[in-house]
């Protein structure tokens, strides 16, 4: 993440996602003080690393990244034979705070977490929304339990997309981050997202290799894949190759799209990633504007 300090987790804890739909952003609290000291080989004495930590270092709230977003984290309990938790497209952040005192979290902490959330929104498609209740002490319910009334069922967790807390994750019995002010976080995050499209730079020449390509969306499919690039006769395959180049996801990059000519869920996800990186939002439709952006990006890369 741009602007985040790296404090890499051991690669042995990096996992793979089982699903690229329904992206989630899970909030944790470390249950300690606000200071964070980068460490090697363990995370507060264990190996349950999140993707990010927000904590005070050098007197300033900062984001630290431990695991790239194309790999799953390991901060959630995941029972054998149960629902997928860490691997269910869940981006995770630990906030250096205690759940019981999260009401005292300073504005700077919210701003740092908002920056990370916006990055997850742009790269993984996490929507800037939340439809769960964040609960704290004194609300007449047992929160630190797998049977907590606010904990999601396995099916609801799998379908959920947006921001939620450790207290909502099935198979887990933690109640962090407590009564977190989710609306404040979402407000800060939305302020960071462009509300108008970024204008295209002036063309270097009058050519566009993708002129005449059709508008594509989820469900589109080529009659056949040719292996040529670009190829007006195989527009979905051309789109997949262009996205791999523009996002620099070629070779053995685990995010790389297989150019199979099928505009399925994974291609739809990557279209969303690209659109959010370019203009701050996504409609999933590949029309003339997106084809033009791809053409400019490939020109800039000398391809």
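Points worth noting:
- Test for residue 73: is it out of contact with any helix residue (DSSP H, G or I) (no Cβ under 7 Å at 6 or more places or on another chain) and at pLDDT 95 or above: yes
- Taken over region 54-77, the residue count meeting the criterion of being in contact with a strand residue (DSSP E or B) (Cβ under 9 Å, 6 or more places away or on another chain) and under 22 Å from residue 16 (Cβ atoms) is 10.
- Subset of region 163-192 (residues that are crowded, with 16+ Cβ neighbours inside 10 Å, within 18 Å of residue 121 (Cα to Cα) and touching a helix residue (DSSP H, G or I) at 6+ places or on another chain (Cβ under 9 Å)): 163, 164, 165, 185, 186, 188, 189, 192
- Residues that are touching a residue at least 40 places away in the same chain (Cβ under 8 Å), buried (at least 20 other Cβ atoms within 10 Å of the Cβ), in a strand (DSSP E or B) and not assigned by TED's automatic domain parsing to the domain that holds residue 247 do not occur anywhere in region 1-16.
- Within region 46-62, tally of residues that are surrounded by fewer than 21 Cβ atoms within 10 Å (Cβ to Cβ) and within 20 Å of residue 110 (Cα to Cα): 6
- Residues that are under 20 Å from the mean Cα position of the chain (by Cα), crowded, with 24+ Cβ neighbours inside 10 Å and more than 25 Å from residue 255 (Cβ to Cβ) within region 63-97 comprise just one, 95.
- Residue check, residue 276 touching a residue at least 40 places away in the same chain (Cβ under 8 Å), within 30 Å of residue 72 (Cβ to Cβ) and touching a strand residue (DSSP E or B) at 6+ places or on another chain (Cβ under 9 Å): no
- Test: residue 107 is surrounded by fewer than 17 Cβ atoms within 10 Å (Cβ to Cβ) and assigned by TED's automatic domain parsing to the domain that holds residue 174: yes
Residue-wise test of (1) modelled with pLDDT under 90; (2) in contact with a helix residue (DSSP H, G or I) (Cβ under 6 Å, 6 or more places away or on another chain).
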| position | (1), (2) |
| --- | --- |
| 231 | no, yes |
| 236 | no, no |
| 243 | no, yes |
| 251 | yes, no |
| 259 | no, yes |
| 269 | yes, no |
| 276 | yes, yes |
| 282 | yes, yes |
| 293 | no, yes |
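- All positions within region 278-303 that are part of a helix (DSSP H, G or I) and exposed (fewer than 15 other Cβ atoms within 10 Å of the Cβ): 288, 289, 300
- Residue match in region 103-122 (condition: closer than 22 Å to residue 9 by Cα, without any contact (Cβ under 8 Å) to a residue 60 or more places away in the chain and assigned to a helix (DSSP H, G or I)): yes
- Among the residues of region 134-162, those that are within 21 Å of the chain's Cα centre (by Cα) and assigned to a loop (DSSP other than H, G, I, E, B) comprise 134, 152, 160, 161.
- Qualifying residue in region 153-161 (condition: farther than 19 Å from residue 72 by Cβ, surrounded by 14 or more Cβ atoms within 10 Å (Cβ to Cβ) and in the same structural domain as residue 79 (by TED's automatic domain parsing)): no
The values are calculated or read from the model by the stated rules, or taken from the named source; none is laboratory data. None of these values were measured; they are calculated from a predicted model. Cβ atoms come from the backbone with ideal geometry, glycine included; neighbour counts cover every protein chain shown.
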